[in-house]
1. For region 202-296, calculate the relative contact order in percent as a whole number, restricting contacts to Cα pairs under 8 Å that are 6 or more residues apart.
2. Can you check what the net charge comes to around ILE296, using other residues whose Cβ is under 14 Å from the Cβ of ILE296 (Lys, Arg +1; Asp, Glu -1)?
3. What's the angle, to the nearest 10 degrees (0 to 90), between helix 302-312's Cα axis and the longest principal axis of the chain?
4. Given Cβ point charges of +1 (Lys, Arg) and -1 (Asp, Glu) and nothing else, what value in debye, to the nearest 20, does the dipole of region 209-347 about its Cα centre take?
5. Just the number, please: percent antiparallel of the DSSP beta bridges in the chain, rounded to the nearest 5.
6. Pick out which of PRO203, PRO63, PRO332 has the largest mean-square fluctuation in a Gaussian network model of the chain, springs linking Cα atoms closer than 10 Å.
7. Is region 4-204 rounded, prolate or oblate when judged by the Cα gyration tensor, a ≥ b ≥ c being the square roots of its eigenvalues, rounded requiring a/c under 1.5 and prolate requiring a/b larger than b/c?
8. List, in order, the whole-Hz ³J(HN,Hα) value for each residue of region 124-133 obtained from phi through the Karplus relation with A = 6.51, B = -1.76, C = 1.60 and θ = phi - 60°; use x for Gly and Pro.
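Read the figures in this text as sums done on the coordinates, not as results from a lab. Just so it is clear, the structure is predicted and the values come from calculations on it, not from any experiment. In this analysis, Cβ positions are derived from the backbone assuming ideal geometry, glycine residues included, and neighbour counts consider all displayed protein chains.
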Amino acid sequence: MNVAQEFDPLYRAAQALPLASDTADAALATIIQTRGSTFRRAGASMLVMRDGRLVCELSGGCPQRDIVWRAQQVMDAGEAQLVSYGREANYDVMLETGCGGELDVLIEPLRRREDLQFLEAMADLRARRQPGALATVYAADGQPLSPRPWRIVQGRDTAWDDIDDEALRSHLEAVLPSLQIGAAATSVRVETGSRCYDVLVEPLRPSHALVVIGDSIGARMLAALSLQLGWHTTWVDPAQASDDGEDGLRRVAVSARSLAAQVALDAMTSAVVMTHRLERDLDYLAALLDSPVGYIGAIGSRQRAAQITAALARTDGRLHVPAGLDVGSETPQEIALAVAAEILALRNGKQGGLLSRSRMPIHA
């Protein structure tokens with residue numbers, strides 16, 4: 001179901017649907033599997049409204065226009081549809097994008113509140129920052145399940161499903177816990193008795209969180225950019241009272257000593273210290289190093305970086321001083337961009353180099 005930061009806008013839009021009649025008010029289009037070079041990977045979803053509005057657009061090109069047209073048909077018919085874009089069908093649409101790959105798309109109508117229950121189960125996992133897995137049973141014996149697919153959402157200590165085949169449910173419940181959080185979405189075939197099911201299995205990751213510590217314009221710029229990226233953002237501003245803004249930004253005034261008690265610090269969290277006061281920076285950095293956060297950055301010159309490293313007197317691969325990619329940034333906005341880019345690259349296992357000089361797959 002998309003990358004983690006795309007879930008919230010899609011979920012909010014789905015929650016706002018009236019869904020009070022047998023007429024579909026929207027359709028959910030999900031890429032089930034891909035072959036070769038495509039514009040998005042398996043698991044990416046787009047919400048198509050009855051009035052033509054789109055949430056979490058997939059590409060903006062020809063395949064998207066065709067998917068939207070077919071989504072309108074699905075809304076009218078009230079039945080799920082599987083559409084293939086490849087050498088056997090609709091390949092001209094893919095060629096127009098210049099990517100030359102192939103993909104299969106599931107388009108399902110959203111008519112009733114129960115059609116959103118799997119999204120609610122996913123939202124519950126996200127609220128508790130728990131990893132999990134989603135399995136979408138989209139076809140049986142080669143035909144799309146109708147009127148919509150079956151699903152199971154499984155977390156560390158919770159599970160929800162609407163699967164109407166006990167053998168299939170038991171099989172998926174046994175398989176899903178072994179899905180690693182770093183795995184990619186993939187389609188698998190499961191045989192139970194006389195039936196053969198096609199299932200899209202996806203890891204569910206908590207949304208990335210960023211803790212920005214400081215009261216400068218640079219801290220404000222980084223917090224604003226973090227929100228735009230869809231990251232769960234907390235701004236630790238010692239100069240301001242605690243406040244939860246309407247834009248989703250949580251602002252807290254908390255000391256280094258109380259940081260771990262008042263701010264969630266887990267492995268899916270990054271933190272950047274930029275108070276521009278050496279002793280205060282060191283206090284916060286020491287607290288962060290004692291936490292499980294995955295990335296710890298600090299802003300400063302090479303000289304300041306040497307002072308911080310010497311004062312902390314410990315080696316930790318999570319610590320990045322000075323923080324950010326080397327893009328020649330000088331202004332607060334540019335520094336925020338460089339730091340956010342480094343965090344994103346490291347989270348995705350990338351080096352942050354030039355795409356034009358790399359031969360690695362872009363969406364590996």
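1. Reported relative contact order: 29 percent.
2. Taking every Cβ under 14 Å from that of ILE296, the sum is -3.
3. The angle comes out near 90 degrees.
4. 320
5. 70
6. PRO332
7. rounded
8. 5, 4, 5, 4, 9, 6, 10, x, x, 8
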